[in-house]
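Please read the structure below before turning to the comments.
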Amino acid sequence: MGLVRILGLALVSALIQLDRVAAWEAQCASFTLPSSVGNSATLIAASYYPAGALVNVTSSGGAVTSNSLPAFCRVQLLVNTGTRNMTNTEVWLPDAWDGRFLAVGNGGWSGGMVYSDLAYSGLVNGHASMSTDGGHTSSSLDGTWGLNNPEAIVDYAYLSVHISVVVAKEVVSAYYGATAGFKSYWLGCSTGGRQGDLHEGNRLMSVQRYPDDFDGVVVGSPANWISHLQAWSIHFNLLVSPQNSTSWISAATWALIHQEVLNQCDALDGVIDGLLNDPRRCFFRPETLACRPGQDATTCLSAAQINAVRLVFSDYYETSQTYIFGRLEPGGELAYETGLLGANPVEINTDYFKDMVVNDSNWDYTTLNYSTIQLADQIDTYRLDAVNPDIQTYVAAPHNGKVIHYVSWADQLISPGNSLYYYEQMTAFMNLNTNLNVDDYYRLFTVPGMQHCAGGDGPNGFGGEGQSAAGMPPLQPDALHDVLRGMIAWVEQGAAPNYFIATKYVNNTASGGVQMTRPLCKFPTEIVYNGYGDTNNAGSFYCA
């Protein structure tokens with residue numbers, strides 16, 4: 001009887017589950033846009049994927065090929081921003097919804113749905129999730145869509161994300177019958193960090209221009225000062241290029257420099273582990289690698305190369321000591337030649353000036369000068385810059401919005417100093433003009449050894465955008481190991497994070513096993529070794 005009863009209960013449970021699946025499938029198949037959306041969007045399709053069904057979707061923003069995702073309804077929309085009816089947006093609605101909404105950011109100039117984060121940051125965690133193509137189709141490097149097309153730039157700068165968020169929330173409410181307000185979050189890095197940014201730019205913009213869009217935003221290494229970032233990127237490339245110049249530094253030579261950086265600075269934080277916990281403490285002397293008479297030139301540096309290294313490790317100032325951007329930090333050299341310091345500038349940087357500033361596809365990047373940067377500043381290309389330090393509309397009552405901002409010290413594409421510079425500018429403004437405590441709404445975390453958004457030699461799995469999709473998920477699905485869950489805990493429970501525990505996997509993939517864990521400390525506190533514990537264990541470090 002016992003076995004029969006167990007089998008009977010199992011059968012009943014299976015039948016109930018089948019009924020639930022059938023109900024969700026019918027809900028998806030019959031879904032129509034609510035009247036509240038008005039003319040803001042057109043429904044293209046609503047497609048149901050049962051649990052374990054093959055999901056095979058791709059775009060320039062990211063691909064998913066998996067048969068292990070939970071059941072969901074994929075809603076495809078064409079969103080009308082008011083300038084052009086051309087923004088493709090998708091909302092993924094899990095059967096097992098946790099009552100939260102998540103929007104994810106794009107990278108570079110990418111005009112494509114970020115399917116990877118819809119799946120691995122949103123769907124698998126139970127969040128109803130949204131992504132948009134920004135109003136155009138392109139790779140992350142290609143900005144030619146912006147040439148003489150101001151409407152497209154406006155859409156990409158802020159309108160496509162904002163209008164899509166408004167529409168997506170209506171979709172979520174209608175699909176689940178959610179009449180009460182649900183919490184909304186943003187997760188982005190690089191351009192997705194700027195989109196999540198807090199000012200007039202896009203999502204570091206949405207919190208000021210559209211404070212009701214999100215309750216909490218998680219932004220990584222934001223490309224928020226576009227006009228200066230792109231100029232800095234070209235300027236830095238010109239420090240070492242072309243390849244036949246005396247200042248050219250190959251990948252092999254950067255590896256040589258990296259080893260000397262470690263020789264001089266690795267031990268400064270008390271642990272010799274190939275990481276600089278705070279590279280600002282490293283006053284690197286490249287002249288120690290100067291070529292001796294008769295020495296093999298591949299094992300040392302020429303005078304021109306020494307000068308180039310000094311400039312790479314220096315902030316960029318222009319005419320009348322005008323600050324443009326920060327430096328590349330010691331410790332990230334292994335990625336410099338494949339980042340900004342290759343044989344030619346990265347297309348994303350030159351396309352900005354060609355297609356969004358001077359409107360000349362033949363513009364010669366070697367002519368970049370202060371007047372070109374001033375032009376970009378003056379026109380503030382259709383609000384692409386997101387540098388306004390005034391975020392009180394977002395963080396003050398009644399909204400009480402929260403921001404978690406992280407930056408990687410070994411970033412090869414955006415100076416870590418950019419994040420610190422914005423944080424300091426914002427802190428000064430808010431302290432001068434409000435009685436709010438910055439720590440109550442904005443916290444910055446620094447990541448040793450991580451390259452741009454993910455990868456590198458340091459701990460780089462903590463739930464940031466793109467990390468889980470790239471095989472570097474948080475070690476545990478909790479607020480201590482996952483930055484998005486940390487934001488949720490802060491917004492919904494008032495538990496503000498002081499540090500996170502990040503994971504470095506062998507070969508930067510979870511299948512390789514854990515190589516090390518380490519805390520990520522709230523700026524300006526730093527990682528401190530206790531002097532006796534296992535240096536591969538986060539428990540041997542504290543923040544002070």
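Over segment 423-544, consider all pairs of different Cα atoms and compute the Kirkwood hydrodynamic radius from their mean reciprocal separation; express it in Å, one decimal.
In segment 423-544 this quantity evaluates to 15.2 Å.
Using only helices, what value at 222 nm comes out for the chain when you add -39,500 (n - 2.57) per DSSP H run of length 4 or more and divide by the total residues, to the nearest 500 deg cm²/dmol?
Roughly -9000 deg cm²/dmol at 222 nm, from the helical runs in the chain.
Ranking request for peptides 349-359, 520-530, 45-55: highest mean number of other beta-carbon atoms within 10 Å first, then the rest in descending order.
Values: 349-359: 22.3, 520-530: 17.7, 45-55: 15.2.
Order by mean packing, descending: 349-359, 520-530, 45-55.
Give me the tail of P(r) for segment 229-381 as a percent: Cα-Cα pairs with distance above 21 Å.
On the way: 5738 of 11628 pairs.
That tail contains 49 percent of the Cα-Cα pairs.
With each pseudo-label sitting 7 Å past Cα toward Cβ, what's the Phe283-Glu424 distance in nm, one decimal?
Once both label points are built, they end up 1.7 nm from each other.
Search the structure for amide H atoms under 5 Å from the amide H of Tyr442, placed 1.01 Å from N in the peptide plane, and list their residues when 5 or more places away or on another chain.
Those lying under 5 Å, H to H, from Tyr442 are Val403.
Regarding segment 91-169, what whole-number volume in Å³ per residue does the convex hull of its Cα atoms give?
71
Using the Cβ atoms and a cut-off under 11 Å, what net charge is assigned to the surroundings of Ser415, where Lys and Arg are +1 and Asp and Glu are -1?
Surrounding charge for Ser415 is -2.
Quick one: check the C-alpha center-to-center distance for segment 469-489 versus segment 169-190, whole angstrom.
If we compute the Cα centre of each part, the gap is 20 Å.
Kirkwood hydrodynamic radius of segment 348-442 from all distinct Cα pairs, in Å?
In segment 348-442 this quantity evaluates to 15.9 Å.
Under a 5 Å amide H to amide H cut-off, with H placed in plane at 1.01 Å, what residues pair with Gly99 once short-range neighbours are removed?
Close amide H contacts, sequence-distant or interchain: Ala128.
Scan around Ala502 for amide H atoms under 5 Å from its own, H built in the peptide plane at 1.01 Å from N, and keep only partners 5 or more places away or cross-chain.
Arg518, Leu520
Please work out the Cα center distance from segment 301-346 to segment 135-149, rounded to the nearest Å.
So the separation of the two Cα centres works out to 27 Å.
Quick one: pull the percent of accessible area on the chain belonging to carbon and sulfur, 1.4 Å probe, ligands and nucleic acids left out.
52
Any lysines with Cα under 29 Å of the Lys402 Cα? List them, leaving off those in the same chain fewer than 8 positions away.
Partners found: Lys169, Lys183, Lys504, Lys522.
How much of the pair distance distribution for the chain lies past 44 Å, counting alpha-carbon pairs only, in percent?
I get 17 percent for the Cα pairs in the chain exceeding 44 Å.
Once you have a ≥ b ≥ c as the square roots of the Cα gyration tensor eigenvalues for segment 421-476, tell me rounded if a/c is under 1.5, and otherwise prolate or oblate according to whether a/b is larger than b/c.
prolate
The values are calculated or read from the model by the stated rules, or taken from the named source; none is laboratory data. None of the values given here were measured: they were computed from a predicted structure. In this analysis, Cβ positions are derived from the backbone assuming ideal geometry, glycine residues included, and neighbour counts consider all displayed protein chains. These area figures cover heavy atoms from the full protein model, side chains too; ligands, DNA and RNA do not enter into them. Shrake-Rupley method; radii C 1.70, N 1.55, O 1.52, S 1.80 Å.
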